[in-house]
Amino acid sequence: MDKYQKYLSFYRRSIEQPEAFWADEAALIDWHVPPRQILDDSRPPFARWFVGGETNLCHNAVDRHAAVRPDARALIYISTETGTERVYSFRQLQQEVMRMAAILQELGVGKGDRVLIYMPMIPEACFAMLACARIGAIHSVVFGGFAAASLATRIDDARPALLISADAGMRGGRAIAYKPLVDEACALAQFPPARVLLVDRGIEEMKRVAGRDADYAALRAKHMAAQVPVTWLESGEPSYILYTSGTTGKPKGVQRDVGGYAVALASSVKRIYCGEAGGTFFSTSDIGWVVGHSYIIYGPLLAGMATVMYEGTPIRPDPGIWWKIVQDHRVNVMFSAPTAIRVLKKQDPEYLRKYDLSSLERLYLAGEPLDQPTHEWIMAALQKPVIDNYWQTETGWPMLSPVPGVEETPIKFGSPAFPVYGYNLKLFREDGSEAAVNEKGVVGILPPLPPGCLTTVWGDDARFVSTYFSLFKEPLVYSSFDWGIRDEDGYYSILGRTDDVINVAGHRLGTREIEEAVQAHAAIAEVAVVGVTDALKGQLPMAFAVVKEPARTATVEGRRQLEQEVMATVDSLLGAIARPARVHFVSGLPKTRSGKMLRRSIQALAEGRDPGDLTSIDDPGTLEQIRQILGAG
Ligand code: ATP
Ligand code: MG
């Protein structure tokens, strides 16, 4: 494995000489004032990167490219929901951002003020994020379409001076009115914003609140010639707040800095995604998630790439739409989620062969475990490297990933490969010692966290320390709350979340291991496994599976037979200890809106408890079905 050795020496320098390493990477961005000190970690676990340096995310993402390549494509907006396609050059993007910045200033927003962005995937959302960055306001993007109560909690945590929204979002051809949700959230909130800026897309009627609500089009017309200079910020000042997905409980307000984030993202686009100025990046995520922040907006633009902002589903007007976008806009780098690929896997594979995908270099997937069958399927279908990325809202960029920009190492199915440079990542046993090769452990990072990671929890330094750094007394370690394992070649695999581990008669089993075994049965499309309390064995695995052909489970007899077959598959792959006590067949599984399995809610139902906080659930009907099946015995 000499290829791995080459990456390893690059990696080692980042860990052993972090200051020298990151001083080099810092040259990827423009500094108004260069940093005085690369790293200040005198107060662990807090770390300050590029201390004394002054820079600006908007300058680096927009202005510096507009200065040298004004007509190059910057933002490619495609909506299959409204049938719109618009391309903005760097010069045009800069103009729109300055207009938006002037509007923010007119509405009383200044440096350090929070701006809550609750918007659909429209260009104005991108302008709003960059305009905040330009004037030093702190944005907090909340996924559009979240219920009023979820929005209200995030309002109260961030206390924004301004909320930016639109009349409506669209999904699968249906309009979702946002304005009534905004009004309801403002009424529920204890600290509602003084002003609300509204983009009218002409989809839904809006009732304006006099004195509070402002109209974007009218204000934009007033500021057509706006020239708003960037506000230089010290590297460690906050750039934005973003809440975690809420898969395991109450979302945490991740706070990010300016300089560290800019450097980490510019570096990652170059080294992990192999993106170059003039190329095109297509991330299928939403601006409401971390992938949207890092790899729809900031990462590609910082690197001088064009970024695709897509409003629509992967299967409308047909399941070839993504590949058509890749062909039409000569996409080089694509980023998506395993969940979406599993959706495509159920469609006709012909759609993947219809388009010219020659521009595409690699597809990156993140957010959930990438199971081997899905990884193999998409790689065979595309005939391109498909790279599993493991990271979190907290880290802002990958923690485990191949780094093909340094060295193209062989891909192992089901593994996001190695710790990314900058991350002193290890697997830990419960006593704080390091796990051996092929031994399960908690994925942890020894401080300092590298540039780009959260610097604290918004407004709550104590929560930052107590949430993330209290796994052991010694050593001080950032906990990911995920289980992993490392093989003899140094490849890691993520086994699931620490609270997803099932303890059967003293044996610790990752939900993911059992899920992969269930999925090895050819009839199963998707499955969730949860641990259910059992008086005798402590916990027992229970599976909820979606079948590829529903006809197979239409009768009691069919269900019973398939259940037996699935159990036999698990027995043969993992042993009887991992065999699910029951395999229930459902038509869909409960997920968050970002496509993450809500195992904790399934588990709660299976144990006869309340499913808990469901604000981020996508389709509540899926839980209802599980409730009924469990009720029927
Ligand atoms: P919350 O922290 O609020 O419960 P969340 O953890 O789902 O929500 P995110 O930050 O969006 O919020 O998700 C990060 C988590 O997603 C990781 O901790 C891990 O459990 C999972 N994950 C992300 N990428 C991968 C991957 N490539 N393989 C396996 N799991 C992954
Ligand atoms: Mg999390």
Task: R0 of 35 Å, Cβ-Cβ distance ARG208-MET379: FRET efficiency to nearest 0.05 - done: 0.10
Task: Length released on extending from ASP499 to ARG463, taking residue separation times 0.36 nm less the Cα-Cα span - done: 11.0 nm
Task: Nearest-ten-degree value, helix 556-574 long axis tilted from longest Cα axis of the chain - done: 80
Open item on the list: Under the rule of at least 5 residues apart or a separate chain, name every residue whose amide H is placed under 5 Å from the amide H of ARG582.
Closed with: ALA543
Task: Greater than 19 Å apart at Cα, pairs in LYS346/LYS548; LYS426/LYS473; LYS345/LYS384; LYS6/LYS270 - done: none
Open item on the list: Using only DSSP helix segments of four residues or longer, with each worth -39500 (n - 2.57), what per-residue ellipticity at 222 nm results for the chain after dividing by its residue count and rounding to 500?
Closed with: -9000 deg cm²/dmol
Task: Eligible lysines near LYS207 by straight Cα distance, threshold 18 Å, same-chain separation 8 or greater - done: LYS179
Task: Separation of the VAL437 and ASP356 label points, Cα + 7 Å toward Cβ, nm - done: 4.7
Task: Kirkwood hydrodynamic radius of the chain, from inverse mean 1/r over distinct Cα pairs, in Å - done: 25.2
TODO: Treating only the Cβ atoms of Lys and Arg (+1) and Asp and Glu (-1) as charged, compute the dipole magnitude of the chain about its Cα centre; round to the nearest 20 debye.
DONE: 640
Task: In order through the range 391-404: 3J(HN,Hα) via Karplus (6.51 cos²θ - 1.76 cosθ + 1.60), integer Hz, x for Gly, Pro - done: 6, 9, 3, 4, 7, x, 7, x, 9, 10, 5, x, 10, x
Task: Cα centre as origin, Lys/Arg/Asp/Glu Cβ charges: the range 374-481 dipole, Debye - done: 100
Task: Principal-axis tilt of helix 259-271 within the chain, Cα atoms, nearest 10 degrees - done: 60
Open item on the list: Rounding to the nearest 10 and keeping the result within 0 to 90°, find how far the Cα-based axis of helix 179-188 lies from the longest principal axis of the chain.
Closed with: 90
- [ ] Scan the chain and report its longest stretch carrying no GluC sites (Glu not before Pro) that are both in a DSSP loop and have at most 11 other Cβ atoms within 10 Å.
- [x] 206-429
Open item on the list: Please list, ordered by chain and number, the residues whose modelled amide H lies under 5 Å from the amide H of HIS521; skip anything fewer than 5 residues away on the same chain.
Closed with: none
Open item on the list: How compact is the range 538-613 by the rule of thumb for globular proteins, expressed as Cα Rg over 2.2 N^0.38 Å?
Closed with: 1.20
Task: Rough spin-label spacing in nm, given labels placed 7 Å along Cα→Cβ, for ASP24 and LYS6 - done: 1.5
Open item on the list: For LEU400, what residues show an amide H to amide H distance below 5 Å, using hydrogens built from the backbone and excluding near sequence neighbours?
Closed with: TYR390, VAL420
TODO: Please give the residues of the range 594-633, grouped as numeric ranges, whose backbone N is less than 13 Å from a label point set 7 Å along the Cα-to-Cβ vector of ALA149.
DONE: 611-617
TODO: Grab the beta carbon distance between ARG552 and GLU607, set R0 = 30 Å, and tell me the FRET efficiency rounded to 0.05.
DONE: 0.60
- [ ] Measure off 7 Å from each Cα along the Cα-to-Cβ vector at ARG330 and MET224, then give the distance between these two points in nanometres to one decimal.
- [x] 3.3
Task: LEU573-ASP619 FRET efficiency (beta carbon distance; Förster radius 22 Å; 0.05 resolution) - done: 0.15
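Only the coordinates and a few stated rules stand behind these numbers; no lab work does. All values derive from a computational prediction rather than experimental measurement. Here the Cβ is made from the backbone with ideal geometry for all residues, glycine too, and neighbour counts use every protein chain on show.
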